[in-house]
Amino acid sequence: MAGFLTRRLIHSVLTLFVVITISFFMQRLAPGGPFDRERDVPEAVRVAEAKAWRLDEPLFVQYSDYLGGLISFTPDLKRSMTRPDYRVVELMIPRLKVSLSLGFAVLIFSLLVGIPLGAAAALAAHNRAGGYDHLAMGVAVVGISVPSFVLGPLLKWVFALELGWFPESRWTGLSSMVLPVLALSALYIATIARLTRSGMMEVLSEDWIRSARAKGLSEVQVVFKHALRGALVPLVSYLGPAMASLAVGSVVIERVFNIPGLGNEFVDAAFNRDYTMVMGTVLVYSSLLIVMNILSDLGLAWVDPRLRLRR
């Protein structure tokens, strides 16, 4: 396991280096800049602004300067180019907290609904009670098929604008989280249900499940103590990237419901060509994805001890 973690950490550092490099040069090569304005400004002002941010330096000098700040003893993400009074970290932390709280709520709700839905569908199919299985998987297909950018505005129109049950575009408390959580959860509930069902169907046909029943164990013990744990192996591998995606929120849902999260901030920074803010957000996105994937692999080793021996 120690060797596995060491290899993953080395790969993670290399992956972050590649992501940072590609993101840096793509931004610089894209048309426009952080100081382009709708109204013309004197050329002397443009030159002064570019010099203050070292944008007049050769591209590789700018890249080495940014990379040097990251790998220093005290990593520096620099200041926002469009809001120079604030450091990038100061702008990201409160927005990351909002995205994390939204993502955590979506993950818990999706697991609480998706796992029982998939397990019940598998038991129904195993016992040849196909009606509930078809119904549950039909709901899952709908959840996967309807994208969040369609479901989000639809929920907002019906339950916020027409019925007035929930706030339209505020982030003030639990009531303002209901519609965004529902819009984001549909895909994850459907995927979790399908993965749980497929894993459960495979496990229920194993010989050791028949042996557990032959020993006189109750159906509840067989399902929850033995079958469900084995069925979670494909689910755990999915939760790594899913948690990373949820941790940084959904750009579409944050825009639809005007949630002050990191995804919303990332879109604004990209439109404003705020190089340092975009780079900081990309770094957070990438780091979260890598960390969650490593945790997912560790979770797989815990669920299935056979994987520990392979590593």
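Grab the Cα-Cα distance for H134 and R7, subtract it from 0.36 nm times how many residues apart they are, and report the gain in nm with one decimal. If you can, show how the numbers build up before the last one.
Numbers: separation 127, 0.36 × 127 = 45.72 nm, distance 4.32 nm.
Using 0.36 nm per residue and subtracting the Cα-Cα distance, I get 41.4 nm.
Put simply, the amide H of R79, placed in the peptide plane, has neighbours under 5 Å in V88, leaving out anything fewer than 5 places away on its chain. Multiplying the residue separation of R28 and L14 by 0.36 nm and removing their Cα-Cα distance gives an extension gain of 2.9 nm.
If R0 is 35 Å, the Cβ-Cβ spacing of A44 and D65 corresponds to a FRET efficiency of close to 0.90.
Carbon-plus-sulfur fraction of the accessible area of region 243-298, 1.4 Å probe, in percent? Intermediate results must be reported in sequence, preceding the final value.
Numbers: 1280 of 1870 Å².
Whole-percent figure for carbon plus sulfur exposure: 69.
Taking label points 7 Å from Cα along the Cα-to-Cβ direction, V141 and D268 give a separation of 4.2 nm. Here the simple spin-label model places points 7 Å from the Cα toward Cβ, and for E57 and F149 these points are separated by 3.7 nm.
Expressed as a whole percent, the accessible surface of region 54-189 that belongs to carbon and sulfur atoms is 69, based on a 1.4 Å probe. Here the simple spin-label model places points 7 Å from the Cα toward Cβ, and for S72 and D85 these points are separated by 2.4 nm.
The values are calculated or read from the model by the stated rules, or taken from the named source; none is laboratory data. Computed from a prediction, not measured in an experiment: that's the story for all the values here. Neighbour counts are summed over all protein chains in view; Cβ atoms, including those assigned to glycine, are modelled from backbone coordinates with ideal geometry. Ligands, DNA and RNA are excluded from the accessible area calculation, which covers all protein heavy atoms including side chains. Shrake-Rupley method; radii C 1.70, N 1.55, O 1.52, S 1.80 Å.
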